[in-house]
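The values are calculated or read from the model by the stated rules, or taken from the named source; none is laboratory data. All values reported here derive from a predicted model rather than from experimental measurement. We place every Cβ from the backbone using ideal geometry, glycine too, and count neighbours over all the protein chains shown.
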């Protein structure tokens, strides 16, 4: 696989930094992060372009997300990983750096691939460390984790708490799975979506300095917060909603819906204020299209009040709490 590659040499470069872009981007995408990640020019940054054009965008991808098969990895994932592995060899040889001192990292799809490159099975020297920004890992098995990587390759995972593409719980789970296999992991989360934050870049710069100094940073992954508004699925809807003894407020939403994210704190406020009198849950209509069709959810956010096994009232769109409660037939609390 021939890859288009750009190289940016730091003014005082001592080692190689491979940065792999995400879905729908290109090799220039992560180059803009270098002044923050490497302000002192200690790295020679290698920026490859994915092989697959993404229709409707000016960017590229590394493998076909829709066709990914976790059992066979036959969609191009294995080929992309192998191409990046070879590129790391080629660029280290061309630029005169030791592969074992290099750092690999990326964003989203690229982060998932460089994680596999850093901690997966290989007969080659491992890179020094892995920087994973909002990683999209198709499956933990796809990493092909090598037991010999335990305790040797530190990983920094950064993720957004409001990421609509890769849920924060999945990122925390990935960090915990790696730590259970004794991979040194630092996990950081930020109030952002599927993106990179300035605070995250500052943390990444400090982490890079520590691993270059020979440290193996490893910190406990934070617990998942208790959800005021838990999710229900098609499988649990009958028990959690239709058979509930108290009235149930159901927030029908989707991760891509901006007004849904705006109404979410209002629904959480209702859950806290009405605890004991009402049960409050949410349904992701992307994950549960059957429920959306059953209750004719054509626009969101839609907040429904269920009582005695049926949808009694509903409120459509972003509303202040008092108006939302009034439309649901609840006694409005000041």
Only residues that are more than 17 Å from the chain's Cα centre (by Cα) and either outside the structural domain of residue 83 (by TED's automatic domain parsing) or without any contact (Cβ under 8 Å) to a residue 40 or more places away in the chain (or both): list them for region 16-49, please.
26, 27, 28, 31, 32, 34, 35, 40, 41, 45
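Every residue, every condition in (1) in a strand (DSSP E or B); (2) touching a helix residue (DSSP H, G or I) at 6+ places or on another chain (Cβ under 9 Å); (3) buried (at least 18 other Cβ atoms within 10 Å of the Cβ); (4) in the same structural domain as residue 193 (by TED's automatic domain parsing), yes or no:
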| position | (1), (2), (3), (4) |
| --- | --- |
| 241 | no, no, yes, no |
| 249 | yes, yes, yes, no |
| 262 | no, no, no, no |
| 267 | no, yes, yes, no |
| 290 | no, yes, no, no |
| 322 | no, no, no, no |
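Can you give me the ranges of the strands (runs of 3 or more DSSP E) entirely in region 1-115 with at least 1 residues that are surrounded by fewer than 21 Cβ atoms within 10 Å (Cβ to Cβ)? Steps first, answer last, please.
Numbers: elements: 5-9, 15-20, 43-48, 103-107.
Those strands (runs of 3 or more DSSP E) span 5-9, 15-20.
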Sole miss for residue 123 among (1) over 21 Å from the mean Cα position of the chain (by Cα); (2) assigned to a helix (DSSP H, G or I) is condition (2)
Residues (over 26 Å from residue 64 (Cβ atoms) and in contact with a strand residue (DSSP E or B) (Cβ under 6 Å, 6 or more places away or on another chain)) located in region 156-180
156, 161, 175, 179
Filtered residues of region 195-215 (kept if assigned to a loop (DSSP other than H, G, I, E, B) and either over 23 Å from residue 119 (Cβ atoms) or modelled with pLDDT under 95 (or both))
195, 197
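Considering each of 218, 286 in turn, give the residue that is touching a residue at least 60 places away in the same chain (Cβ under 8 Å) and not in a helix (DSSP H, G or I). Outline the logic, then answer.
Details: 286 fails: touching a residue at least 60 places away in the same chain (Cβ under 8 Å).
That would be 218, the only listed residue that is touching a residue at least 60 places away in the same chain (Cβ under 8 Å) and not in a helix (DSSP H, G or I).
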I'd like to check something: does region 163-177 contain any residue that is surrounded by 21 or more Cβ atoms within 10 Å (Cβ to Cβ) and part of a strand (DSSP E or B)?
no
